[in-house]
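Worksheet for the structure shown next.
The values are calculated or read from the model by the stated rules, or taken from the named source; none is laboratory data. Fair warning: this is a prediction, and the values are worked out from it, not measured in the lab. Using ideal geometry, Cβ is built from the backbone for each residue, glycine included, and neighbour counts are taken over all protein chains shown. Surface areas here come from the heavy atoms of the whole protein model, side chains and all, with no ligands, DNA or RNA. Shrake-Rupley method; radii C 1.70, N 1.55, O 1.52, S 1.80 Å.
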Amino acid sequence: MIQTGLIQSAHNDLVTDVSYDFYGLRLATCSLDQRIKVWQLDESNGNWSVEDDWKAHDAAVSKLSWAHPEFGTILASSSFDRTVKVWEQTSYGAQGESQPNGASQQQPTPSSSRWMERAVLVEARGTVRAVEFAPHHFGLKLATISSDNQLRIYECLEQSSLSNWQLSEEVDVLALPSSSSQSSHSVAFATPTQTSAALDSASASLVAQALQQSQAPFGQSRPGMGNREADGGWCISWCKDRYWGELIATGCGISGVIKIIQISPSRRPATLLALTLDASPASHAVSSETTTAADADVPTPYAVTSVAWAPSCGRSYHLIATGSRDGHVRIWRVKPSEDGDVDDGEGGDPKWTGSVVADFDHHKSAVGRVEWNITGTVLSSAGNDGRVRLWKATVGNVWRPAGSVGVEQTEDQQDADVNMDENVVAD
Amino acid sequence: MNVTGHLGLFPPLVPPGHAGDFLQSGRVLLSTTSPLNDTLAVFAAANVPGVQSSQHTAVYSSDDQPIFFASSEVTPSSERRLFIGDTSIIFAALQNLTNTARARGPEWLQNEEGQRMIRKLAMDYINFTKECWIHASQAPSQPEGSPQFSDDHYRSLYACLSLFAVLYVPEYGFEDAPVGDDLMEWLNIHFIEPSTEEGDHLSGLERPWQDETFWPYLLRATLRGLSKAATFFIGTLSRHSSADLRRLSGQVSPLLSSQPRLQNFSTERDFAYASHRWKDKIKTLRIEMDGVPEADRQDEFDNWWDRLSDLIGILEGRGEVIQKVCEDLGADWKEVCVAWGVFTDTRLRRQDLPDIVARILEEMPPDPTNPEDMMHAALFNGDPARALIHAAHIDPWLGAHLADMMEVLSLIEIEANEESGLSLRNHYVLSYAQYLHSDPALWRITVAYMFSCGEIGIRSADEVLARVPMGLRRTGDKLIGSGEKTTEGTSNLTDLARVVKDVNATCYEYQREEVRRVVCRIAAQIFVQEKEYGLALSYCSSAEDWPGLGRVVDRVLEEYIDAGPDQFTHYVASIAPSLQAVRTQPGAQGIFIHRLIFAVRYAEFHQRLKNQDLYDAAADLMSMFQEDLVPKSWWGAILCEAVTLIQHNAVLLFSYASACILLQRLEEVFTRADQGSGDDYLRVLMAKSKGSTLQDALTRLQATRLALAKYFARCAMIGTGGKQIAERRFSVGV
């Protein structure tokens, strides 16, 4: 591993997310300081320079996502102020109807581009923890997950103005049954109506809270103890493949489960598969029915705080990585059913299966982020041990550590082959 | 390329051994991977959820929020790029060969022509790595400093490839020939022993046998089949004090230089016969040696007899002697194995080698810390798959290219791994492509390797192709892009067009239509932002993205609203030529084309208006309405613009019928406005006069109504359809 660059000071407060654009030539950063910055890479020397900088939200910005460039230069930001905003970069001179973001008035930026606030999505009733644009072949859509346990899917109705976003799905992730049942009977039994779903979500999150308080959390990584915001929805990741339709992996609560939810225009969202370590998925399903289970011997609950669906790149299976508070990085191999064409009738959905193909506890502390490279061959995981670790599959398809970087000073730091001066960006 | 290593980022955030402090400070570490080159961006983040920034500002300095960038690969330097580029040509040639083989049937590769071609390509790789080695070893004198990879690295590649060729890609017809001499040649080229310096040193001495390096040198030279050097120093013993040694050395000399070599014989039978005769002579010599009394076997320095006995033992081919000598000399298993093929079993075949090697390796294992040694051992041992593991460790380049050849030669499993879906070859080739991806400039080569790896490779290549950087964007007056900075916007766009063209061509070559369309759609977006509407339009139509085409036209029409007719006609001039092309394209969807036609016609109308060509302008206006080209949202705006033509004093520009049509349209707008859908008809008119309300717009239209009323009055005075009304046929079309 070698260090190739450094932005010495990105924001005036802790950074909350950093996101590369489609090409990796730009970087959007956001922070507790409520601002978003967009940086541009100078490929000739590897330096990053600020292109735009503006106050984006009324609270800390939690996450950023770039839309596919075929829709233009569009960024979505989610925030602790319970909103998601959609921003578009316009070149100077193009006068939109909305005013340029406020930053430019306070402190003129060197660039001539302006990021216009095109839409504010206000449906969330809690911190919006993550936002991610759908793969481009599904159109201009985005998914959000928030501490109110809701997964929301928005669809842009007017691509030219970007101002009109329709909330096309709203799913209470905890209340959604963990497994899709083959028989319509049990679906009717398990699927609550829209109104009761909202009630369920409230009770479920109380359950979650009770669980959280009764059990010693893993490590000391739970500063939000007793805070309602501490649980709820954590993470989302879209399936990048077009073939299987709109699928999204979602992590919510402290059940340690990732639900793969199928979004389809003709049907209500349903769980296609729940990734859980337990042999019987039902026991992990947190729904209103499991309230009693909370008192029984439940394994130490933990939140899966990061999920990453690997680009499938022609593989016959999917790889989904999770990073969780129990200190584990896991890679799941998820396979659509082989005999999906058995019957096409009602409830004849192909049965998906998932199994853990790698389970690493090297971080020994909560794992905050997992992410794949563009071909799904290298996984990176970042943990509270202050290290980012890489993982690759060997020729025998066994996942192995493939290097790491850390912020702790090493013994031979002085000898480290780092050429700092050239890469420092003073800002 | 220490991929499994750990890197401490600089500047470190916590002192050694205090990783826990980091978390205590309310921070966590997060990272994200760059699609450009897999660079990691690592940053200290707030430990969500819900920590207020005030809670931890005391712990760290607020003006220090670094983002670190780290990569597991070193971006290839110029000399390495050259190596990558040139060897990719050989790789492509081998691809062609396998494709040909696929067409001609698998047995074609097994026949003479196929085998010769494979060997030729293997030789190409070898020669090329040799060149690189020579080049790199001269590099330190170059001004740009030492190369990224040491000369030893290329030497290692050269040695590994050469050994592979000796063992697995023999000349056609020689597959079943004894391999000893070939291996000895390989060993002597790549692992030179004894050194020339030692020889020079000894040859300068009056009594070299008194030097402690004398016998080791002589034994090594013998072991390596270096008969000239060995004979020379054996010759010096003629001055030795021992009469026995003088006599014996005189007999050894001719034997050393007369050892039969396969290459000097036309048939193996003759060679075997000669070898047998030669061995007999050695036996005679051994009997004579044994006759030397114990007491006479020592000179003042050494027991010369033991040493000479070792030498004779080597020539006799005694395995235990060879191994002992090698151990004494510090030589490794390779030397024992090679000597075995030259002295012990002169007819050793390639297929018999693993048995011998396995036995030797048990007692003299290879160095596990040296991947090159491990790789040689695996090749000697007849285990190509294992050799690949070590090869990839030395350099992903070596793993990929060896695996590629091995598959063609059926040395490794062709079937895909059930779990990963990748064959051995594809795994290694994709690993190499992964490495190449660390350098975005190498995208052509990256995808070429990927495209050779089945469905998984193809789809991986798609991801890379779609992301070939073309995002050269304007940033104020400054343009930032991969090339040199320019202040000229157009050259920047030319660059962009060139990249898009390149990617397009590559997509065509590999038949990746879907990716090509994505790239075209993105290009169209960028061109729209740059107001290059003509290019944007042609990329939309190339991607068959009709809704996208519609949006481009909308943007052009907006130019009219924002900037007025002059700008508008200027922009339309750039899109008009594509209209014809788009119209002829099958599958082009009507509604969007319709809008394009309107834009073009509308621009023409304005052009005529500007040129005071009022007859034609009026005709244009009418035909646009009659052909239903005008989108509803434009009706208000166009009816408003018609006023000047209607009020034209000199002549009446519209026929009575035409004026009626205008009136009809006008009435429709008013009626609809009454019904509450005025927005649909007046949107553009309202946008044009910025900030005006629906009511303002309707008021403006009243002017048109009044003008039309007057017009009808004039018509009535002159007489309907009177002579002064232009009797023109409306020219339709563009």
Discussion item. Checking B:TRP209 against (1) among the aromatic types (Phe, Trp, Tyr); (2) in the same structural domain as B:SER162 (by TED's automatic domain parsing); (3) over 56 Å from the mean Cα position of the chain (by Cα), only one condition comes out false. Which one?
Written reply: (2)
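How many of the residues in the stretch A:52-81 are part of a strand (DSSP E or B) and of a type in the set (A, V, I, L, M)? Steps first, answer last, please.
Narrowing the stretch A:52-81 to residues part of a strand (DSSP E or B): A:52-55, A:61-66, A:74-79.
Restricting the remaining residues to those that are of a type in the set (A, V, I, L, M) gives A:61, A:64, A:74-76.
Count: 5.
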Worksheet item: When only residues in the stretch A:1-56 that are within 8 Å of chain B (Cβ to nearest Cβ) and charged (D, E, K, R) count, which is farthest from B:VAL74 (Cα to Cα)?
Response: A:ASP33
Worksheet item: Do you know which residues across the stretch A:366-395 are outside any strand (DSSP E or B) and at the interface with chain B (Cβ under 7 Å from one of its Cβ atoms)?
Response: A:ASN373, A:ILE374, A:THR375, A:THR377, A:ASN384, A:ASP385, A:GLY386, A:VAL395
Worksheet item: Here are some residues: B:GLU294, B:GLU363. Which one is touching a Phe, Trp or Tyr at 6+ places or on another chain (Cβ under 9 Å), open to solvent by 70 Å² or more (accessible area, probe 1.4 Å) and in contact (Cβ under 8 Å) with a residue 40 or more places away in the chain?
Response: B:GLU363
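Which residues, counting only those in the stretch A:2-45, are over 17 Å from A:VAL128 (Cα atoms), open to solvent by 30 Å² or more (accessible area, probe 1.4 Å) and not aromatic (Phe, Trp, Tyr)? Write out each step before concluding.
Of all residues in the stretch A:2-45, those over 17 Å from A:VAL128 (Cα atoms) come to A:2-14, A:20-28, A:37-45.
Keeping just the survivors that are open to solvent by 30 Å² or more (accessible area, probe 1.4 Å) gives A:2, A:4, A:8, A:12, A:22, A:43-45.
Those that are over 17 Å from A:VAL128 (Cα atoms), open to solvent by 30 Å² or more (accessible area, probe 1.4 Å) and not aromatic (Phe, Trp, Tyr): A:ILE2, A:THR4, A:GLN8, A:ASN12, A:GLU43, A:SER44, A:ASN45.
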Worksheet item: For the stretch B:182-211, what are the residues that are open to solvent by 40 Å² or more (accessible area, probe 1.4 Å) and in contact (Cβ under 8 Å) with a residue 40 or more places away in the chain?
Response: B:PHE191, B:GLU193, B:GLN210
Worksheet item: Mind checking whether some residue in the stretch B:58-65 is in a strand (DSSP E or B), within 7 Å of chain A (Cβ to nearest Cβ) and at pLDDT below 85?
Response: no
Discussion item. Considering only residues that are modelled with pLDDT of 85 or more and of a type in the set (A, V, I, L, M), which ones fall in the stretch B:110-151?
Written reply: B:MET117, B:ILE118, B:LEU121, B:ALA122, B:MET123, B:ILE126, B:ILE134, B:ALA136
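Can you give me the ranges of the helices (runs of 4 or more DSSP H) entirely in the stretch B:275-394 with at least 1 residues that are over 16 Å from B:VAL252 (Cα atoms)? First the steps, then the outcome.
Details: elements: B:304-316, B:319-329, B:333-339, B:353-363, B:371-380, B:384-394.
Correct list: B:319-329, B:333-339, B:353-363, B:371-380, B:384-394.
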Discussion item. Given (1) assigned to a helix (DSSP H, G or I); (2) modelled with pLDDT under 90, identify the lone condition not met by B:SER253.
Written reply: (2)
Worksheet item: So which of B:GLY676, B:GLY691 ends up being more than 17 Å from B:ILE646 (Cβ to Cβ) and at pLDDT 85 or above?
Response: B:GLY676
Worksheet, complete the sentence: Inside the stretch B:326-345, the number of residues satisfying the requirement of being under 17 Å from B:MET374 (Cβ atoms) and of a type outside the set (D, E, K, R) is 3
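Residues are listed down the side, and each one gets a yes or a no for (1) at pLDDT below 90; (2) over 29 Å from B:CYS540 (Cβ atoms):
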position: A:ALA28; (1), (2): no, no
position: A:ASN45; (1), (2): yes, yes
position: A:GLU51; (1), (2): no, no
position: A:LYS55; (1), (2): no, yes
position: A:ALA59; (1), (2): no, yes
position: A:HIS68; (1), (2): no, no
position: A:PHE71; (1), (2): no, no
Practice prompt. Among the residues of the stretch B:628-671, write down those that are open to solvent by 60 Å² or more (accessible area, probe 1.4 Å), at pLDDT below 90 and part of a helix (DSSP H, G or I).
Written response: B:LYS632, B:THR644, B:TYR656, B:ALA657
Worksheet item: Considering the stretch B:5-36 alone, what residues qualify as being in contact (Cβ under 8 Å) with a residue 40 or more places away in the chain and more than 7 Å from chain A (Cβ to nearest Cβ)?
Response: B:PRO11
